[in-house]
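> Provided herewith is a single structure, encoded as structure tokens, for subsequent inquiry.
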Amino acid sequence: MYAAELAALRATQPAPLTIRPLPQPAAPAGPAAAANSSAEFSRWFAANVAPQKQPGFHLVRVSLPLGDLPASQAMALADLAAAHGDHALWATQSQNVGLRWITAAELPDVHEKLAALGLANPEPPILRNLVACAGAATCRLGICLSRGLAKAIRHELTTSGLDLDSLGDFSLHISGCPNCCGRHPIANLGLSGAARRVGENLVPYYAVQLGGRLGQGRSRLGTNLGAVPAKNAPAFARELLSAWKNSAHAADFHEFVDDDGVKVATEILGRHQRVPSIASHREFYCDWDANTLFSLAGRGQGECSAGVFDLIEVDLANAREAQEAGRLYAAALAAAHALLIVQHAQPKNDAETFAQFQTHFIKAGLVDASLTAVVAAGARAAAGSEPARAFTAQPADVATLVASVRLLHESLDSSLRFKPAAK
């Protein structure tokens with residue numbers, strides 16, 4: 001298919017791609033920092049300016065929190081770029097922009113113009129390089145509002161009392177789902193959106209990866225540690241950074257990871273697992289930057305699969321454990337609930353769970369009609385005050401329901417489409 005497409009493209013004889021040659025001006029000699037001696041300029045220079053490999057020229061980094069650049073700033077920045085360097089903006093992998101080929105003589109003027117735009121902030125690298133994908137705010141693949149978490153972590157770190165400059169080029173990347181748009185697997189600390197069920201409610205979580213990095217001969221993916229409730233993620237990040245700086249490897253994060261950092265991080269993660277009840281702390285059941293209860297409803301078919309499968313596995317495991325323990329009503333309820341999320345159904349109570357299973361799976365012909373009786377027994381029991389006691393289905397029928405749901409789950413393809421299970 002690739003060869004055929006390439007041949008068709010060549011047959012159209014497209015215009016050749018031309019690239020404007022890079023400038024090769026001669027740079028004046030002299031130390032750049034001497035061009036301006038103000039304390040403000042010195043802080044900006046230390047944080048945002050780096051020498052190019054071409055002697056006499058500099059890269060100027062412009063920090064854009066969350067990668068946002070309002071239109072008014074963009075227009076003014078375009079005018080600035082047109083007057084300096086190679087007259088172009090350089091987009092970075094850390095969601096910032098930069099100016100290249102800036103001479104020492106230009107730096108004071110560049111600093112003054114950036115400061116007038118509010119773009120000359122000498123931020124610590126951990127904040128300047130904080131990466132977050134679009135997340136569920138605009139992406140239908142997104143599970144969590146990753147930009148909201150990035151803002152929460154930024155606030156947590158800036159008010160933590162930690163010496164953020166001492167953290168060096170620490171990279172913290174956030175993806176709104178297990179896909180890697182935020183490049184979380186190669187971050188020193190990577191977080192990726194997930195969902196977990198606590199009681200009858202969904203809670204936004206983040207899977208944690210530790211120790212990823214890029215470097216010639218040193219690149220590696222982060223180690224999976226587990227998951228943390230979204231509301232606890234900023235405090236977890238702060239405590240992890242504090243533990244690193246208080247360790248014997250304060251100068252090198254990767255030495256900390258390779259020594260006992262994974263163990264330390266796992267212990268810290270364990271202290272942040274508690275999710276209080278929805279009655280006492282409703283905010284845990286809402287995502288960052290959201291006031292509504294967390295939900296996966298509305299995701300397009302095939303577009304939420306990355307975070308849904310582990311959620312389904314939780315329900316299936318609960319169904320199996322309850323069945324083995326003889327808690328038949330709990331087993332039937334968990335089995336009936338497990339796959340409803342794939343059909344974009346979000347029941348509010350037990351009775352709705354059984355009713356929606358009847359609609360989406362039995363009437364749709366995805367499971368055998370003989371399961372109607374056990375599902376109806378669950379619906380009747382759910383209407384009472386003690387459903388576990390009122391549940392009248394036989395153990396063999398509950399076992400058939402659990403097995404049928406698991407078989408149907410195993411038939412799911414990558415686009416979350418079912419193949420009807422055999423009778």
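The values are calculated or read from the model by the stated rules, or taken from the named source; none is laboratory data. Quantities reported herein were computed from a predicted structural model and do not represent experimental measurements. Note that each Cβ is placed from the backbone with ideal geometry, even for glycine, and that neighbours are counted across all protein chains shown.
> Please work out if G148 is part of a helix (DSSP H, G or I) and crowded, with 19+ Cβ neighbours inside 10 Å.
When the stated conditions are applied, G148 passes them.
> What single numbered condition from (1) closer than 18 Å to F309 by Cα; (2) in a helix (DSSP H, G or I); (3) not β-branched (V, I, T) fails to hold for N232?
Checking N232 against (1) closer than 18 Å to F309 by Cα; (2) in a helix (DSSP H, G or I); (3) not β-branched (V, I, T), the one that fails is (1).
> Continuing with the same structure: Just give me the residues in region 229-251 being of a type in the set (A, V, I, L, M) and loosely packed, with under 14 Cβ neighbours inside 10 Å, in sequence order.
Within region 229-251, A248, A250, A251 qualify.
> Just one of the numbered conditions (1) assigned by TED's automatic domain parsing to the domain that holds N48; (2) touching a residue at least 60 places away in the same chain (Cβ under 8 Å) is not true of G118; which one?
(2)
> A further question on this structure: Does region 70-89 contain any residue that is in a strand (DSSP E or B) and exposed (fewer than 15 other Cβ atoms within 10 Å of the Cβ)?
Within region 70-89, none of the residues are in a strand (DSSP E or B) and exposed (fewer than 15 other Cβ atoms within 10 Å of the Cβ).
> Counting only residues that are part of a helix (DSSP H, G or I), more than 18 Å from L412 (Cα to Cα) and not acidic (D, E), how many does region 335-351 have?
Total satisfying the criteria: 1.
> Only helices (runs of 4 or more DSSP H) wholly contained in region 352-423 count here; list those with 3 or more residues that are in contact with a Leu (Cβ under 9 Å, 6 or more places away or on another chain).
372-382, 395-410
> Mind checking which residues of region 278-299 are touching a helix residue (DSSP H, G or I) at 6+ places or on another chain (Cβ under 9 Å), within 15 Å of R196 (Cα to Cα) and either of a type in the set (G, A, S) or assigned to a loop (DSSP other than H, G, I, E, B) (or both)?
Across region 278-299, the qualifying residues are I278, D287, F294, L296, A297.
> Within region 252-277, work out how many residues are in a helix (DSSP H, G or I) and either surrounded by fewer than 18 Cβ atoms within 10 Å (Cβ to Cβ) or of a type in the set (S, T, Y) (or both).
Qualifying residue count for the region: 10.
> Starting from residues that are under 19 Å from C286 (Cα atoms) and out of contact with any Cys (no Cβ under 7 Å at 6 or more places or on another chain), keep the ones in region 96-138 and report whichever is modelled with the lowest pLDDT.
For region 96-138, the residue satisfying everything is T138.
> Can you find, within region 95-106, the residue that is nearest to C133 (Cα to Cα) among those that are in contact (Cβ under 8 Å) with a residue 60 or more places away in the chain and surrounded by 17 or more Cβ atoms within 10 Å (Cβ to Cβ)?
Checked region 95-106; the qualifying residue nearest to C133 (Cα to Cα) is W101.
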